[in-house]
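Participant: Please see the structure below; I have some questions.
Read-outs throughout are calculated quantities, based only on the coordinates presented, and are distinct from any laboratory measurement. Owing to the predicted nature of the structure, the values given are computational and were not obtained by experimental measurement. As a convention, Cβ positions derive from the backbone with ideal geometry for all residues, glycine included, and neighbour counts pool all protein chains shown.
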Amino acid sequence: MASNENTNATEGSRMYAVVVCVFASLGGIFFGYDQGVTGGVLVMDSFLEDFCINYDGNTNITCHAKPALLPQNWINYTTLFNVLYYIGCILGAYVGGFIADRFGRRATIFSAGVFFCFGIGVGNSSFSLPIFGAEMAPKELRGLLSGFMQMSIVTGILLAGIINIVVEKDPKGWRTTNAIAMIFPVIVMAGIFFLPESPRWLYKVKGRAAAETTLKRLRRTENVQIELNAIGDALEEEGSSNATWADLWQPAIRPRLIIAMLLQLLNKPLVSTPSLCTVVKSLKTLLAMG
């Protein structure tokens, strides 16, 4: 019966759910912005003036040297910066997972904005937004809206690059570009609680009635029983299984696990904050050489 129900189209209007997911995806912009902004900031004259020049005897010439000739103390400084960045990501992801299960998806998105404003835990938004979008979107549009969230991350990276170029020569350039980064998390934090909570989380934590009320609001229709039953069936199936870590190595799951791990492994060297920092410095040197 459940399989037949899952083949039916989602009842009601899709537009409101799409708007909700698009608003939530703004969090992807500040996640992407954070990845893109750092590489440009580390080579700005204003940043080097404040943090490199006169630091442990560094001069203007040594701070603007080629990557291979940079002072060792400055290399150690930027390396420590990147290490602390990833520690913050790990912390944010761990705490965010706890908040998502205990207090809801909206709370973890709000916490992602709070963590971002304090300079820690940007990893929180990398998982909280896709979960929220997948659980709010009509099943026919989950792939499209998930892709939109990924696009918002790339948009954030692009926006950071554009703003870095605009303020590059400004005496307060690095402060300006980091101040602009606060705009999107503040918007998300201000608006996220005007959006409905995830029906799936409500069903699991507060019961079927609470999920039904929210689902009717989300789909703009009273006819939500098919989707509500599908949510209940999925939660019941999850609750009845005794999953272990060993299940990840089952033949049916193993290829998916390997693909997911390879995607993460290949993604990080290409678009992570440390790699972007290195690339920006190297490109700047090459362009200066003509």
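Participant: Starting from the Cα of TYR16, step 7 Å along the direction of its Cβ; do the same at ARG217; then give the gap between the two resulting points in nm.
Facilitator: 0.9 nm
Participant: Most mobile of VAL20, VAL122, VAL37 per a Gaussian network model of the chain (Cα springs, under 10 Å)?
Facilitator: Per the Cα network of the chain with a 10 Å cutoff, VAL20 tops the list.
Participant: What is the fewest-to-most order of ARG142, ARG219 by other Cβ atoms lying within 10 Å of their Cβ? Numbers along the way, then the final one.
Facilitator: Values: ARG142 16, ARG219 20.
In order of increasing Cβ crowding within 10 Å: ARG142, ARG219.
Participant: Taking only Cα atoms and a 10 Å spring cutoff, compute GNM fluctuations for the chain and point out the largest among GLY207, GLY88, GLY239.
Facilitator: GLY239
Participant: For the charge dipole of the range 1-141, defined by +1 on Lys and Arg C-beta atoms and -1 on Asp and Glu C-beta atoms about the Cα centroid, which residue among LEU141, ASN58, PHE110 has the Cα displaced farthest towards the positive pole?
Facilitator: Final value for the positive-end residue is LEU141.
Participant: Now for a different question. When the chain is modelled as a GNM with alpha-carbon springs shorter than 10 Å, which of GLY119, GLY27, GLY57 fluctuates the most?
Facilitator: In this elastic network of the chain, the residue with the biggest mean-square fluctuation among GLY119, GLY27, GLY57 is GLY57.
Participant: Sticking with this structure for a sec: Between the range 194-265 and the range 27-79, what is the separation of their alpha carbon centroids in Å?
Facilitator: Using only Cα atoms, the two centres lie 43 Å from each other.
Participant: Counting other Cβ atoms within 10 Å of each Cβ, which GluC sites (Glu not before Pro) in the range 159-245 have at most 11 and sit in a DSSP loop?
Facilitator: Numbers: sites: GLU168, GLU197, GLU212, GLU222, GLU227, GLU236, GLU237, GLU238; in loops: GLU168, GLU197, GLU222.
Within the range 159-245, the qualifying GluC sites (Glu not before Pro) (loop, at most 11 other Cβ atoms within 10 Å) are GLU222.
Participant: Quick query: amide H of SER198 versus all other amide H atoms, modeled in the peptide plane; which residues come in under 5 Å with a sequence gap of 5 or more or a different chain?
Facilitator: Correct list: ARG105, ARG106.
Participant: Follow-up. Enter the mean projected area of the convex hull around the alpha-carbon atoms of the chain, in nm², rounded to one decimal.
Facilitator: On the way: hull surface 72.0 nm².
Projected over every direction and averaged, the Cα hull of the chain covers 18.0 nm².
Participant: So what is the 222 nm mean residue ellipticity for the chain from helices alone, if each DSSP H run of at least 4 adds -39500 (n - 2.57) and you divide by all residues, rounding to the nearest 500 deg cm²/dmol? Don't skip to the answer; put the middle values down first.
Facilitator: Details: 16 runs with 214 residues, N = 290.
Taken over the chain, the calculation gives -23500 deg cm²/dmol.
Participant: In nm², what is the average projected area of the convex hull enclosing the Cα atoms of the range 125-215? It would help to have the intermediate numbers written out before the result.
Facilitator: On the way: hull surface 28.3 nm².
Averaging across all directions leaves 7.1 nm² for the Cα convex hull.
Participant: Which helices, taking whole DSSP H runs in the chain, have alpha carbons extending 20 angstrom or more along the helix axis plus mean Kyte-Doolittle at least -0.5? Before the final figure, lay out the partial values.
Facilitator: Working: long enough: 26-41 (22 Å, 0.68); 72-103 (45 Å, 0.66); 123-136 (21 Å, 0.41); 142-167 (38 Å, 1.67); 225-240 (22 Å, -0.37); 254-271 (25 Å, 0.92); 273-289 (24 Å, 0.98).
Span-like helices in the chain: 26-41, 72-103, 123-136, 142-167, 225-240, 254-271, 273-289.
Participant: To continue, here is another question. Using every alpha carbon pair in the range 187-257, what percent of pairs falls into each 5 Å bin from 0 up to the bin containing the largest distance?
Facilitator: 3, 14, 18, 16, 13, 12, 12, 10, 2, 0
Participant: Would you work out the charge dipole size for the chain about its Cα centre, treating the Cβ of every Lys and Arg as +1 and the Cβ of every Asp and Glu as -1, and quote it to the nearest 20 debye?
Facilitator: Numbers: 23 positive and 21 negative charges, 42 e Å.
Once rounded to the nearest 20, the dipole reads 200 debye.
Participant: Order these by the 10 Å Cβ neighbour count, fewest first: LYS216, LYS172.
Facilitator: Ascending number of Cβ neighbours within 10 Å: LYS172, LYS216.
Participant: Can you work out the base-10 log of I(q)/I(0) for the range 91-178 at q = 0.23, 0.25 1/Å, using the Debye formula on its C-alpha atoms alone?
Facilitator: -1.08, -1.14
Participant: For each of ASP101, ASP45, count neighbouring Cβ atoms within 10 Å of the residue's Cβ, then give the residues from fewest to most.
Facilitator: ASP101, ASP45
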